[in-house]
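Peer 1: Below are the structure tokens for one structure; questions will follow.
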Amino acid sequence: MKRNQTVSLADDGNLVFKALADKSRRELLDRLHLQGGQSLTGLCEGLDMTRPAVAKHLRILEEANLVTFEWKGREKLHYLNPVPINGIAERWIGKFE
């Protein structure tokens, strides 16, 4: 692995840890785990957050590659991407078992 790739992997891990550090973002991930393909409106239901706050949290989760989305007409549907979490588990938890 080249040095630049190592730095890139570390940066990606930092983004994931930063995204997971916030309780509200973890709650959004839990909701997407239970039911994928939710719109922003659906994710806002029952939360004590404004719509812009939820949208900001989703952007951070997207940047960390924890959430993916697909456009269905004019509606943006969000899905959990567990791959980065699995990578962290393998790297940071698996070796300590």
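The values are calculated or read from the model by the stated rules, or taken from the named source; none is laboratory data. Only a predicted model underlies this, so the values are computations on that prediction, with no experimental measurement involved. Positions of Cβ are backbone-derived with ideal geometry, glycine not excepted, and every protein chain shown enters the neighbour counts. The protein model used for the area step is the full one, side chains on, heavy atoms only, and it has no ligands, DNA or RNA in it. Shrake-Rupley method; radii C 1.70, N 1.55, O 1.52, S 1.80 Å.
Peer 1: When a/c reaches 1.5 or more, the comparison of a/b and b/c decides; with that in mind, is region 15-58 rounded, prolate or oblate per its Cα gyration tensor?
Peer 2: oblate
Peer 1: Assign one of three labels to region 54-97, namely rounded, prolate or oblate, based on the Cα gyration tensor with a ≥ b ≥ c the square roots of its eigenvalues; rounded applies when a/c is under 1.5, prolate when it is not and a/b is larger than b/c, and oblate otherwise.
Peer 2: Taking the square roots of the gyration eigenvalues as a ≥ b ≥ c, region 54-97 is prolate.
Peer 1: What Kirkwood radius, in Å to one decimal, follows from the Cα pairs of the chain?
Peer 2: 14.3
Peer 1: I would also like to ask the following. Taking the chain as the reference, fit the longest principal axis to its C-alpha atoms, fit the long axis of helix 23-34 to the helix C-alpha atoms, and give the angle between the two in degrees, 0 to 90, nearest 10.
Peer 2: 80
Peer 1: May I ask you to give the percent of accessible area on the chain that is carbon plus sulfur, with a probe radius of 1.4 Å?
Peer 2: 53
Peer 1: Compute the long axis of helix 51-63 from its Cα atoms, compare it with the longest principal axis of the Cα atoms of the chain, and write down the angle in degrees, 0 to 90, nearest 10.
Peer 2: Taking the Cα atoms of the chain, the angle to 51-63 is about 30 degrees.
Peer 1: What is the chain's relative contact order, in percent, from Cα pairs under 8 angstrom and six or more apart in sequence?
Peer 2: 29
Peer 1: Listed highest first by mean packing, meaning other Cβ atoms within 10 Å per residue, what order do 56-69, 82-95 come in?
Peer 2: Packing order, densest peptide first, comes out as 56-69, 82-95.
Peer 1: Now for a separate question. Would you compute, from DSSP H runs of 4+ residues alone, the mean residue ellipticity of the chain at 222 nm, taking -39500 (n - 2.57) per run and dividing by the full residue count, rounded to the nearest 500?
Peer 2: Helix-only estimate at 222 nm: -17000 deg cm²/dmol.
Peer 1: Another question about this same structure. What number comes out for accessible area per residue over the chain if the probe is 1.4 Å? Units Å², please.
Peer 2: 71
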